[in-house]
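The values are calculated or read from the model by the stated rules, or taken from the named source; none is laboratory data. Because the structure is predicted, anything quoted here is derived from the model rather than measured. Here the Cβ positions follow ideal geometry from the backbone for every residue, glycine too, while neighbour counts run over all protein chains shown. Protein only, heavy atoms only, side chains kept; ligands, DNA and RNA dropped before computing areas. Shrake-Rupley method; radii C 1.70, N 1.55, O 1.52, S 1.80 Å.
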Amino acid sequence: MKASMDRRCQEMKAQLASSFDVVYRSITIEGKHAYLIFLSSLSDPSLLSDLVEGFVITASNGLAITFYPGAVTTVYDRQEALVNMLSGQCLVLLEESEAYYCIETRSYPSRQNGEPSVEKSVRGAHDGFVENIIFNVGLIRRRIRDPQLCVKIAKKGSKTKTDIAYLYLEKLVDVDVLEDFEHRLRDMQECEIINERNLCEALYGKTWNPYPHVRYSERPDICAIHLLQGYVIVLCDNSPSAMILPTTFFEQTKQMEEYTQTTLVALFTRMLRLIGIAFSLYLLPLWIALVVDQNPTMLQLPMHDIRLYEFGFQIIFADVVVEWLRQSLIHTPTVLSGIMSFVAVFVLGDMAVELGAYTKEILIMIALCNIGNLLTPSYELSLANKLFRILIGLCALYFGTSGFCFAVLVHISILLSTKTIKYPYLYPFIPFSWKEFKRIWLGDPIRIHKKS
């Protein structure tokens, strides 16, 4: 029997590349032989020590070998056992058994938990997801202590073997959404999964439509609320954000603050936010159309002798400069972040206006539109809105008011044709649902989870 165990160990070694963190340990106690195979980079030394201690105690006392501290999976397929070992589990081979025992000893490297930088909240919780899927599941379980909370896990990717966990509440979940997701996950074509965006494309395909088909969130409290409302939450290992299925345009405009304020205050802030989002889309193109058609506005911009191409170039250039500053602030090291404020003063200050790069009125409009972008809770939605603002603005620049109206109709048509898992993208307005309208606008209690 020991020869069989040695043979299986050699077969495992033959499949594994030579790596310093792959550890093989042979144990012999009271004539009982065993092999331990694990990754030192992904295993907890204290758990491994407890495992060996339990082996010593049971074997030396003539008892059946017991694996401590728990979580044991018996596997007979070598390839499956190999994947479990590469995920951080410890493989135990015993001479009297042909099975591979997978012991839970994982200890993934992870950063400290903290509030997401994109979805900040004044009154809400200040914790967020990290890159450890086990830790992320624990953050949700801490909020929903219900026996009906179902957590399922799958591995996808021919090389990555990434853990994908999806959560839902039985008897509350939208069955159509759940069945559609499980069907797509089961029949998904073989591809490598690195993050939740790769997973979304693998499940629902790539599209040129810039609007997100799922909602991304780094807040466990947001995910817990959506679970209670019948949504499905998908977590991807090595990614600090979750996918919320399904989603709509207006669902992505909700913030955590709406659940921590009084009804009237939440309604007021929600109205202001939606107005700001509308400004980020249509205010600048509408102003361009009025200027091109020589219509009077409240701003002190001369209406005569407008040079179309110069006017259009100034607007596009100012918007591009703001986008450059936004991206540079994201990628600039913290030590050098102060320099960006110094640079912004020159490219967006009085000096740029005096040199004729753009006018003060253009800067005001660009600032208002970008404030609306920052008001948008969903980062992906704000980028999609910015792209369509530029396209609508170009139509307004060349064709005036008629071009603006046509572009707005095309934009609304694209929103209506955007495919989501179950509901139209402009739901609950098109088609109209009073129950969902109350939930989104008036903040109905979380217990309301069925959609009509």
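A few comments on the model shown:
- Test: residue in segment 39-47 that is assigned to a helix (DSSP H, G or I), under 28 Å from Lys155 (Cα atoms) and in contact with a Pro (Cβ under 8 Å, 6 or more places away or on another chain): yes
- Any chance Glu80 is of a type in the set (Asp, Glu), closer than 23 Å to Lys155 by Cβ and assigned by the TED database to the domain that holds Met12: yes
- Listed by position, the helices (runs of 4 or more DSSP H) contained in segment 325-396 that have at least 1 residues being modelled with pLDDT under 70 are 337-347, 350-354.
Here's the yes/no breakdown for (1) in contact with a helix residue (DSSP H, G or I) (Cβ under 6 Å, 6 or more places away or on another chain); (2) under 24 Å from Thr162 (Cβ atoms); (3) not in a helix (DSSP H, G or I):
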residue	(1), (2), (3)
Ala14	no, no, no
Ala17	no, yes, yes
Leu51	no, no, no
Phe55	no, no, no
Ala64	no, no, yes
Thr74	no, yes, yes
Glu80	no, yes, no
Val83	no, yes, no
Gly88	no, yes, yes
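- Some residue of segment 151-171 being open to solvent by less than 20 Å² (accessible area, probe 1.4 Å), free of Cβ contacts under 8 Å to residues at least 60 places away in the same chain and closer than 23 Å to Tyr216 by Cβ: yes
- For segment 53-97, a residue qualifies if it is touching a residue at least 60 places away in the same chain (Cβ under 8 Å) and closer than 18 Å to Lys2 by Cα, and the qualifying residues are Arg78, Leu91, Leu93, Leu94, Glu95, Glu96.
- Test set (1) within 22 Å of Thr418 (Cα to Cα); (2) open to solvent by 30 Å² or more (accessible area, probe 1.4 Å) - Asn238 fails condition number: (1)
- Looking at Glu96, Glu115, just one residue is under 30 Å from Glu380 (Cα atoms), in a loop (DSSP other than H, G, I, E, B), of a type outside the set (Gly, Ala, Ser) and open to solvent by 60 Å² or more (accessible area, probe 1.4 Å), and that residue is Glu115.
- Looking across Ile233, Ile193, one residue alone is crowded, with 23+ Cβ neighbours inside 10 Å and assigned to a loop (DSSP other than H, G, I, E, B). It is Ile193.
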